[in-house]
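The structure appears below as C-alpha cells.
The values are calculated or read from the model by the stated rules, or taken from the named source; none is laboratory data. What you are looking at is a predicted structure, and each value in this text was computed from that prediction instead of being measured. Every residue, glycine as well, gets a Cβ built from its backbone with ideal geometry; the counts of neighbours run over all protein chains shown. Remember, those area values only see protein heavy atoms, side chains included, never the ligands or the DNA or RNA. Shrake-Rupley method; radii C 1.70, N 1.55, O 1.52, S 1.80 Å.
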Amino acid sequence: MRKVVLYELVSLDGVAEAPENWFPMDDDEVYIEHLAEVIGSQDTVLLGRAMYDEWSRFWPGSDLEPFAGFINGVQKYVATSSPLTTPWTNTEATDKPADTVRQLKARSGGDIGVHGSIRLAQSLLSAGLVNELRLVIAPSLAGSGRKLFDTPDVLRRLTLQDGRRTPNGLVLLSYAVTSPASH
C-alpha cells in the first residue's frame, strides 16, 4: 500500500504558515538533497485550495529545481468544493480528500505527498491517513501564524526514523506515524 507523506517547513516555535517570512532561503546543499529525496519517491501530491491558488500562479513559470520540475509534472489533487480557476497541468479537484486518499492508497504507485496545506494536513492526520511526517525545522521563531499541531484531534504516536542537521542549522526529521496516542 502507498504511503501518505506530510512534508512541512516549521519554525522552532511550531508555525507552519507563511514560511517565506521566517524560513532561511539560503543555499543549503543538504536541505536540497533532502527535498530531492522526499519528492523523488512521490508520484502524487495533495494540496489545499489556498496552496493550490498560490502555487499554480508561481510554479508553472519557475525554474527553481528540484521542486519546479517535480510539482509541474506530478499528478495533483486539490481539496476544494469550488471549481479551480487557474489551470495547471495534471490537476484534479476533490471535495472529499479523505476518500480520495483512501482510493489512492489502495492503488499501486509511489508515495502521496502533502506539501504545506495546513488545514488539509490536519484533517488527514485526524483521519489517521498520514503514514510519515517529514519536518524541516528552521532555526527561526515566527512569533505568530498557524501551527501544524494546534488541534487536539491530531494526537498521534510517532517513531523517529531519521534526523539530520544541515550546515545552515535546519533540522530534518522523519517520523513514522505509528498509532493514535491514548488520551
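Values as computed for the structure displayed
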| read-out | value |
| --- | --- |
| Helical mean residue ellipticity (222 nm; -39500 (n - 2.57) per DSSP H run of 4+; nearest 500) of the chain | -7500 deg cm²/dmol |
| Residue-level accessible surface for Arg2, protein heavy atoms, 1.4 Å, Å² | 20 Å² |
| Whichever lysines have a C-alpha closer than 22 Å to that of Lys105, once near sequence neighbours (fewer than 8 apart) are set aside | Lys3, Lys76, Lys96 |
| Accessible surface, 1.4 Å probe, highest first, among residues Glu92, Glu20 | Glu20, Glu92 |
| Extreme residue, positive dipole direction of the chain, given options Gly69, Thr91, Ala142 (C-beta unit charges) | Thr91 |
| Whole-percent carbon and sulfur share, accessible surface of the range 31-183, 1.4 Å | 52 percent |
| Size of electric dipole in the range 99-183: Cβ of Lys, Arg +1 and of Asp, Glu -1, about Cα centre, debye, nearest 20 | 60 debye |
| Estimated vicinal HN-Hα couplings, Hz - the range 135-149 in sequence order (Karplus 6.51, -1.76, 1.60; Gly, Pro = x) | 10, 10, 8, 8, x, 9, 10, 6, x, 7, x, 5, 9, 5, 10 |
| Student exercise, the chain dipole from Lys, Arg, Asp, Glu Cβ charges, in Debye to nearest 20 | 840 debye |
